[in-house]
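Nothing in this text is a laboratory measurement; each read-out follows from the coordinates by a stated rule. Computed from a predicted model, the values in this text were never measured in an experiment. A quick note on method: Cβ atoms are made from the backbone with ideal geometry, for glycine too, and the neighbour counts reach across all protein chains shown.
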Amino acid sequence: MADKPKLVKCLVWDLDNTLWRGTVLEDGEVEFPEEIRDVIIALDSRGILQSIASKNDYDLAWEQLEKLGVAEYFVHPAIGWGRKSDSVRDIADKLQFALTTIAFIDDQPTERAEVNYSHPEVRCYPAEDALKLTGLPEFTPEFVTEDSRRRREMYQAGFRRDAEKETFNGPDEDFLRSLELVMAVKRADEVDLTRVEELTLRTSQMNATGVHYSDATLRALLTDPDNEVITVTLADRFGPHGAVGVLLLEYHDALWHLKLLATSCRVVTFGAGSVLLNWLVDEAAQAGAHLVADFRPTDRNRMMDIAYRFAGFTEEPCDCLADLPALAEADRDVKRLHLVADRRPGATTMTVTAPALAADRAVRAGARA
Amino acid sequence: MTAEQTELTAGEIEKGLRGHLDSVLNTAVEPDQDLFKSGLVSSMFAMQLVVHLEETYDIAIIGADLKLDSFRTVQAMTELVLRLRAAAAGADA
């Protein structure tokens, strides 16, 4: 890991004599090499966002980008007369990316020096390197999934969503309903797990329950009838949020053991964790099973703790806990939160599609008998 | 922290909480009104309430105190705040 350079999450382009040849203000017409278009499209498909820091007339430059058919590829473009170090900082702030994940490409050594003077952690490339970028390891993510290919689209949907939220005047729950959220809960396959793995690697901010299961472990459990590996995706009328959660459940006779529940911090404000828990509690209730959730408190998963408690989980003892294997020495700080499952009404803020765990389990038990 | 700063009455807490709820829910709530039953607040809002109480009243709400019933009414929240502040003051003394 140490010798592998940190992935670039956003590349900031200069325009004149970098993205295109010529100076749009002076020449009027500029030449746009098809090879540059290919680079833009390739980086976009790898899930690397792209932006612009150009000293230019905004309207003129943007019109040119639209004419070339590449305007849609850029998020938060900074086209104006300010310092480029400020533009790069603004772009990183708006995307909530660390500067260590930002790259900047410009034909002017002084501009690169100016950006690096304020932000030594930003990686700067001269314009003549543009065609080499796609071959560099820092622009080559290990996984390229459906979500990476749609990342820009997801960010752009996010901007529109945020803009709408700012102007929305009313209770949060009404706003949530206006989003027309659809949560798809499904049994995972190999492809789904790769998306989850990519999400954890990228953000390292999964609102995990503090208990870690490796990708290999989860993959091995995909075909185990006593375990369910479940992934969660979310979409709304602005577009997809992509894979936002993963859940690992093991069936015992009298209880369902929730060994892992992780949801992306991006969807915490939508109450996704609570909706998911309520669905699971309702399924367990239909099967007449208690629910036990492993939970290791960390400084990052407080919201998950609150979601468990408000869903009714407690630390009170129950006989059913004797069915579970003892915790390993390394997991002694893991709490086993317990709940006698009861039927729950469906979510009021989103549409949920999910497998019928209890019914499927009953069918399998019937087949065995 | 001096005794004067820590001394908050039930009435003051109740008033503060109702003011907070009025402003975020855009409607007046009664001290004994069931906030969840009346459909006023979602469980997500309840989570924000936890954080609000902790920050406003300088308390930590953890473990068994983190249950929906403690946040069901203004009265229940007031009791929770008073109890946790008293416990914290007792521990400091």
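List of remarks:
- Rg and Dmax of region A:10-139, Cα atoms only, in Å: 13.3, 36
- Projecting the Cα atoms of A:Gly273, A:Gly135, B:Met47 onto the dipole axis of the protein assembly as shown, where Lys and Arg carry +1 and Asp and Glu carry -1 at the beta carbon, places A:Gly273 farthest toward the positive end.
- Shape class for region B:27-92, computed from the alpha carbon gyration tensor (a ≥ b ≥ c): prolate, with a/c not under 1.5 and a/b above b/c.
- For the pair region A:105-124 / region A:50-81, the C-alpha centres are spaced 19 Å from each other.
- Chain A: calculated mean residue ellipticity at 222 nm from DSSP helix runs of at least 4, using -39500 (n - 2.57): -10500 deg cm²/dmol
- Long-range Cα-Cα pairs in region A:289-347 (distance over 12 Å), rounded percent: 71 percent
- For A:Phe104, the residues whose modelled amide H falls within less than 5 Å of its own, excluding neighbours fewer than 5 places apart on the same chain, are A:Val12, A:Arg123, A:Cys124, A:Tyr125.
- Amide H to amide H, with H built 1.01 Å from N, A:Leu255 comes under 5 Å of A:His290, counting only residues 5 or more places away or on other chains.
- Cα gyration tensor shape for region A:149-368, rounded if a/c is under 1.5, else prolate or oblate: prolate
- Förster radius 45 Å - calculated FRET efficiency between B:Lys67 and A:Val144, Cβ distance, rounded to 0.05: 0.55
- Part-to-part distance (alpha-carbon centres) for region A:290-369 and region A:227-276, which is given in Å: 12 Å
- Placing +1 on the Cβ of every Lys and Arg and -1 on the Cβ of every Asp and Glu, with no other charges, gives region A:10-139 a dipole of roughly 540 debye about its Cα centre.
- Length released on extending from A:Thr269 to A:Lys94, taking residue separation times 0.36 nm less the Cα-Cα span: 61.2 nm
- Three-way shape call for chain A based on the alpha-carbon gyration tensor, with the a/c threshold at 1.5: prolate
- Relative to the longest principal axis of the Cα atoms of chain A, the long axis of helix A:151-167 lies at roughly 80 degrees.
- Using alpha-carbon coordinates, inclination of helix A:58-67 to the longest axis of chain A, degrees: 70 degrees
- Only the Cβ atoms of Lys and Arg (+1) and of Asp and Glu (-1) were treated as charged; on that basis the dipole of region A:241-337 about its Cα centre amounts to roughly 500 debye.
- Which of A:Lys55, A:Lys6, B:Lys37 has the fewest Cβ neighbours within 10 Å, and the rest in rising order: B:Lys37, A:Lys6, A:Lys55
- Exposure proxy order (Cβ contacts within 10 Å, fewest to most) of B:Thr73, A:Thr217: A:Thr217, B:Thr73
- Beyond 30 Å in Cα-Cα separation lie the following of the pairs A:Lys6/A:Lys165; B:Lys15/B:Lys37; A:Lys186/A:Lys335; A:Lys6/A:Lys84; A:Lys6/A:Lys67: A:Lys6/A:Lys165; A:Lys6/A:Lys67.
- With Cα atoms, 0 to 90° folded angle of helix A:190-203 axis to chain A main axis: 60 degrees
- Fewest neighbouring Cβ atoms within 10 Å first, the residues B:Ile62, A:Ile230, A:Ile48 line up as B:Ile62, A:Ile230, A:Ile48.
- Nearest-20 debye value, chain A charge dipole, Cβ charges on Lys, Arg, Asp, Glu: 940 debye
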